[in-house]
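Presented below is the structure to which this report refers.
The values are calculated or read from the model by the stated rules, or taken from the named source; none is laboratory data. Only a predicted model underlies this, so the values are computations on that prediction, with no experimental measurement involved. Here the Cβ positions follow ideal geometry from the backbone for every residue, glycine too, while neighbour counts run over all protein chains shown.
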Amino acid sequence: MTATASPARPSQLKEFWRYFSENHGAVAGLILLAALVLVAVFAPLVAPFDPDAQFRDALLARPMTSGPDGLFLLGTDALGRDILSRLIFGARFSLFIGVVVVAVSLIGGIVIGLFAGYFRGMVDTVIMRVMDVILAFPSLLLALTLVAVLGPGLVNAMIAIAIVAQPHYVRLTRAAVMSERSRDYVTSARVAGAGPLWLMFVTILPNCMAPLIVQAALSFSGAILDAAALGFLGMGAQPPTPEWGTMLSEAREFITRAWWVVTFPGLAILITVLAINLMGDGLRDALDPKLKRS
């Protein structure tokens, strides 16, 4: 006779959504982030103009200015480029940076942290001392130094930010593995003949993912901020790339007489980071069993 699951017991997905939806700020952040993703994906259809198109008769046009080529809702920059269109296409770069940085640092941090937490001994000592050295430096300063060595550019900026973010994943993974490796289910798998790689990646890792998912969500916003800071300093994406930090860097000299060229890119960064952080709080509430209420 086949046993069936109790229909009254909610699935894990329903339980997760119940705890997540209790945090109204997290739901609002999720909606904002989903809207941003849709705008980024359909940027060529949503943007009113080409992001690099220059309208020489509308330099530093104020928001809601109507010109012969159309309506500039958020105004134009010093080269006559539509700010709204550049913000929309800039969402692609910001989200791409966040996804790549989080993916690289998360995968690398998980692998290194698994080896450190499982094998312990000299392997653990060497890995953690290297991570401590990286954490000893201010993150933005270290990323700036790495980009200065590698050379300015978007790819090098993403590599630098991923290296700086990796120690957080290593420490989280190591701590979770150390708490899980002595549990009965791991001992049973070891007695059954499972090898170290199987134990690390198949047996232990799935039970360590909750804090890593929360950290990845929060690091996503950090990656966007660091990339914008590097772009603002001229070490990240290079002009004419419509990246939000680069847009701020190009608009610095016009801040006193054209407020819109710096205000709207800054608001785009603010809203995106706020949405991701709110969603990260909701993930923490839903995935951390200590925060769950019966």
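Some notes on this structure:
- Close pairs from the stretch 33-44: first closer than 11 Å to residue 92 by Cα, partner surrounded by 13 or more Cβ atoms within 10 Å (Cβ to Cβ) and of a type in the set (S, T, N, Q), Cβ under 9 Å, at least 6 apart: 36/94; 36/272; 40/94; 43/85
- Listed by position, the helices (runs of 4 or more DSSP H) inside the stretch 67-177 whose residues that are buried (at least 22 other Cβ atoms within 10 Å of the Cβ) and in contact with a Lys or Arg (Cβ under 6 Å, 6 or more places away or on another chain) number at least 1 are 83-119.
- So residue 140, is it in contact with a Leu (Cβ under 9 Å, 6 or more places away or on another chain) and either under 21 Å from residue 165 (Cβ atoms) or not hydrophobic (A, V, I, L, M, F, W, C) (or both): yes
- Subset of the stretch 18-54 [of a type in the set (Phe, Trp, Tyr) and either surrounded by fewer than 13 Cβ atoms within 10 Å (Cβ to Cβ) or modelled with pLDDT under 90 (or both)]: 19, 20, 42
- Test: residue in the stretch 180-193 that is outside any helix (DSSP H, G or I), within 11 Å of residue 114 (Cβ to Cβ) and not aliphatic (A, V, I, L, M): yes
- Residue in the stretch 254-271 that is over 21 Å from the mean Cα position of the chain (by Cα), at pLDDT below 90, over 30 Å from residue 119 (Cβ atoms) and surrounded by 19 or more Cβ atoms within 10 Å (Cβ to Cβ) present: yes
- Qualifying residue in the stretch 91-102 (condition: of a type in the set (A, V, I, L, M, F, W, C) and in contact with a strand residue (DSSP E or B) (Cβ under 8 Å, 6 or more places away or on another chain)): no
- Considering residues of the stretch 225-241 that are touching a Ser or Thr at 6+ places or on another chain (Cβ under 8 Å) and crowded, with 24+ Cβ neighbours inside 10 Å only, the residue farthest from residue 75 (Cα to Cα): 226
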